[in-house]
Structures are given as structure tokens and as C-alpha cells.
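Everything below concerns the one structure shown next.
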Amino acid sequence: MKRKTYFIKVISSFVTFQSKPSLIDVKLPSNDDCWICTSHGGKNYPRVGSGRKSVLIYKILWEKKNGKVPKGKILLTTCKNWQKCINPNHRILGTRIKLAHQKMHLHRPFGESHHLHKLTDRKVRTILKSKLSDIALAKRYDCSDVTINRVRHRKIWKHIKTEEER
């Protein structure tokens, strides 16, 4: 069953003179669909606050529903709209180690799936076999020599295996 996505405009119903802004009542759908915040965040996680103090909206909503996040724990996402969804049902308690694992395996696009990729799997295999200099390959593939060096030293595009590695 496909989830519906709700687009929510959060009205500034926050008390900002406390140490942390706290949510006054905002009516939100009670189901388990995504709640996409359209009024805050731009390209980043939706936040509220003023000056140096700002708080993630999903954290405020989660704490309103479940209580304070325990020390040493953080909120992890369980949905595909991980950066924009503010539904507290789509967050679970976890650790920074679990977050690193989640970022690597669930969210962070890599290789050809990354929207800014210049190289392809085939080009990377050619780079790994090539005897040409980093600068010559960078000119050929329209990228920086640093990128070529990072490919050769297996810092990036690590998922590509050469024939010797298979």
C-alpha cells in the first residue's frame, strides 16, 4: 500500500523566549503518512527558532509525543523523505554509529546514482587500469586530478571492482 504525502505549512506558533522553542498546538494528520514541511528548511532539515538558537521541527514534534530524547541518543528516520518529513512516527531513537550506518546504506547516493556524478562505472574501471597520469585522465574525463587520485586510491567509487579484485 502506497503512503500518502501531506505537505504541511508550520505556522510560527512557537514560544521563542524560552531556552528552546516549544510547540503550541498545531493540528497535523494522525495517520502514518509522511508530513512534508514546506514552510521551513529550504534544502536543509526544517528548523524553527531565532538567532543562534534553532531546533529541528521533527525533534519538537517527537518530544511532544514521546518526551525528551535521552542523553546519548539521537533521532533516526524510518522513511524515504528523511530530510523533509516531520512525522514523529517516522523517527526512532538510535546512536551516532547507527546514523553513520544509515547514511551510508540508506540515504547517501553514490556512484552513478548520485545526481552530480561525472564518472561512470565503465570510466572508473578504465581509470583503475590506466597507466596515464592523474592530470591526463582528469582532462579526458572532465574532472579534477584530485578526483582521479581518489578513485585510484579507492577513497571514492569503492564499490567498483576490477577484474583482479573479482
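Which helices (runs of 4 or more DSSP H) does segment 49-164 wholly contain that include 2 or more residues that are assigned by TED's automatic domain parsing to the domain that holds Cys37, surrounded by 12 or more Cβ atoms within 10 Å (Cβ to Cβ) and among the β-branched types (Val, Ile, Thr)? Spell out how you get there, then give the answer.
Working: elements: 57-66, 96-102, 121-129, 134-141, 145-152.
Ranges flagged: 57-66.
Could you list all residues from segment 65-78 that are touching a Ser or Thr at 6+ places or on another chain (Cβ under 8 Å) and among the charged types (D, E, K, R)?
Once the filter is applied, which keeps residues that are touching a Ser or Thr at 6+ places or on another chain (Cβ under 8 Å) and among the charged types (D, E, K, R), segment 65-78 yields only Lys73.
The values are calculated or read from the model by the stated rules, or taken from the named source; none is laboratory data. Small disclaimer: the values here were computed from a predicted structure and weren't measured. Cβ sites come from the backbone with ideal geometry, for glycine too, and all protein chains shown count toward neighbours.
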